[in-house]
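Q: The structure is given below, and queries will be raised subsequently.
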Amino acid sequence: MTPADTPGPGRKRRAVVCGDGIGIFPPLMQLFRDEFDIVAALHPRLPPWYAWWHRLASARWPRQAWYRQWRYRLEKTPAAFRRLSRDCARQLDALEGRYDVVLFFGAMHSPGACPGKHLFVFSDSCRWLSSRNAHDDISHFRDHRDEAEWLALEGEVYRSAARIFVGSDFVRDALLAHYDVAPGQAVTSGFGAGNAFGEAYEKVFDGKTILYIGKGDFEKKGGVVLLEAFAKVRRELPRTQLHIVGQERLPAAAGVVNHGFVRERERLVALMRAAHVFALPSLVDRNPISLLDAMAAATPCVASDYGAMPGMLGDAGIIAPCNDVDALAAALFKLLTNQRLARALGERGRRRFQERYNWHSVWQVIQREMREALA
């Protein structure tokens, strides 16, 4: 950083925030506002004609196949990467002279050239990991040329960053091994649960309520396998209810309550607290924040064995293999019928939140590393 960019006494450094993940971590954004003068939040977008053209070009049946092909064209091709990068660079150029630092969420495009500025990246995954997941076919490369081109573009973002903050060693190891990132650049900061989930309350276990929160592709998020496992559980425990959040339309099924998209934080907290068990048998999530929210609320969890989820959960829940209906049903049945075990796992999750997965602990790591890079 040049002397002109160094803030004087009492003046905060000026920062621009950009990327599609800006809204994922509200508590972190508040901490950034305490540390930096946030001058703008940028949301690069593709032109409307581009989105509509690819929507038509992706047409196929069934509807889910159409949706996945469209998402691939809009987000997962080198052409989309470059187009979004150009829009981000255009917006940053308009702010020249007004910022010192770029806080960049994700790496689905580049923030553009930022000479003399510090770039900090925050990510819960990378494309190399996604493309190797057998269940995440939307992230699979169509050919070797696309793969080489995309990884080169994405790698440039990582290598130009002063620091890359990730949620787990699972992601950090991939950055070091496949993107030629220097060890000191990639930092496992972890991520924290939402602040409201961590407030103390008296947890009640009703022996019947299962909660699932998952936006986007219901099948890839483990929703379909959960419905099958729930049907098995309900044959043994007819009072059991499965509450689903984040999905618009689902087929009607006995005992299933679909809340659709819930944006009110108070309602989400109430649902998490009321749940006897939180289930997230996702096939594609690497570092799901909803799992941390459940631990903060002392709600025991059942999760799949993919990504960082086993390490995140530790001894605070039960891990079931991906796509294993019987194992998932057995885990849910075990927690629903054993209140002592459910309470013990919930308390362990609460301790993990207090000791590690809270934003105060995460911020200590992020703040220390950022100040070191900026010094």
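Q: Can we say Arg159 is of a type in the set (D, E, K, R) and open to solvent by 40 Å² or more (accessible area, probe 1.4 Å)?
A: Values: of a type in the set (D, E, K, R): yes; open to solvent by 40 Å² or more (accessible area, probe 1.4 Å): yes.
Criteria met by Arg159.
Q: Select, from Arg265, Arg286, the only residue that is open to solvent by 50 Å² or more (accessible area, probe 1.4 Å), within 24 Å of Phe122 (Cβ to Cβ) and at pLDDT below 95.
A: Numbers: Arg286 fails: open to solvent by 50 Å² or more (accessible area, probe 1.4 Å).
From the options Arg265, Arg286, the qualifying one is Arg265.
Q: How many residues does the range 237-252 hold that are open to solvent by 20 Å² or more (accessible area, probe 1.4 Å) and under 23 Å from Val284 (Cβ atoms)?
A: Keep residues of the range 237-252 that are open to solvent by 20 Å² or more (accessible area, probe 1.4 Å), which gives 237-239, 241, 243, 248-252.
Then keep just the ones that are under 23 Å from Val284 (Cβ atoms); that gives 243, 248-251.
Looking only at that region, the number is 5.
Q: Does the range 104-125 hold any residues that are assigned to a loop (DSSP other than H, G, I, E, B), more than 20 Å from Val284 (Cα to Cα) and in contact with a helix residue (DSSP H, G or I) (Cβ under 8 Å, 6 or more places away or on another chain), and which are they?
A: Initial filter on the range 104-125 (assigned to a loop (DSSP other than H, G, I, E, B)): 106-117, 124-125.
Imposing the further condition that a residue be more than 20 Å from Val284 (Cα to Cα) reduces the set to 109-117.
Residues satisfying the conditions are His109, Ser110, Pro111, Gly112, Ala113, Cys114, Gly116, Lys117.
Q: Which condition number does Asp315 fail, the rest of (1) among the acidic types (Asp, Glu); (2) within 20 Å of Ser189 (Cβ to Cβ); (3) not in a helix (DSSP H, G or I) being met?
A: (2)
Q: What are the residues in the range 170-184 that are open to solvent by 10 Å² or more (accessible area, probe 1.4 Å), under 13 Å from Cys126 (Cβ atoms) and not hydrophobic (A, V, I, L, M, F, W, C), if any?
A: The answer is Arg172, Asp173, His178, Asp180.
Q: Residues in the range 126-148: is at least one touching a residue at least 60 places away in the same chain (Cβ under 8 Å), open to solvent by less than 50 Å² (accessible area, probe 1.4 Å), at positive phi and in a loop (DSSP other than H, G, I, E, B)?
A: The answer is no, given that none of the residues of the range 126-148 is touching a residue at least 60 places away in the same chain (Cβ under 8 Å), open to solvent by less than 50 Å² (accessible area, probe 1.4 Å), at positive phi and in a loop (DSSP other than H, G, I, E, B).
Q: Starting from the range 56-71, take each residue that is within 16 Å of His135 (Cα to Cα) and list its partners that are surrounded by 13 or more Cβ atoms within 10 Å (Cβ to Cβ) and of a type in the set (A, V, I, L, M), counting only C-beta distances under 6 angstrom and pairs at least six apart or across chains.
A: Correct list of pairs: Arg68/Ile138; Arg71/Ile138.
Let's see how each residue does on (1) surrounded by 13 or more Cβ atoms within 10 Å (Cβ to Cβ); (2) assigned to a loop (DSSP other than H, G, I, E, B); (3) at pLDDT below 80; (4) touching a Phe, Trp or Tyr at 6+ places or on another chain (Cβ under 8 Å):
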residue: Asp20; (1), (2), (3), (4): yes, yes, yes, yes
residue: Leu31; (1), (2), (3), (4): yes, no, no, yes
residue: Ala40; (1), (2), (3), (4): yes, no, no, yes
residue: Arg55; (1), (2), (3), (4): yes, no, yes, yes
residue: Arg73; (1), (2), (3), (4): yes, no, no, no
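Conditions (1) open to solvent by 30 Å² or more (accessible area, probe 1.4 Å); (2) touching a Leu at 6+ places or on another chain (Cβ under 8 Å); (3) outside any helix (DSSP H, G or I); (4) at pLDDT 95 or above, marked per residue:
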| residue | (1), (2), (3), (4) |
| --- | --- |
| Phe218 | no, yes, yes, no |
| Val225 | no, yes, no, yes |
| Ala231 | yes, no, no, yes |
| Arg235 | yes, no, no, yes |
| Val257 | yes, yes, yes, yes |
| Val269 | no, no, no, yes |
| Met272 | no, yes, no, yes |
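The values are calculated or read from the model by the stated rules, or taken from the named source; none is laboratory data. Given the structure is predicted, the values throughout are model-derived calculations rather than measurements. Quick reminder, even Gly has a Cβ in these numbers, built from the backbone with ideal geometry, and neighbours come from all protein chains shown. SASA here: full protein model, heavy atoms, side chains in, ligands and nucleic acids out. Shrake-Rupley method; radii C 1.70, N 1.55, O 1.52, S 1.80 Å.
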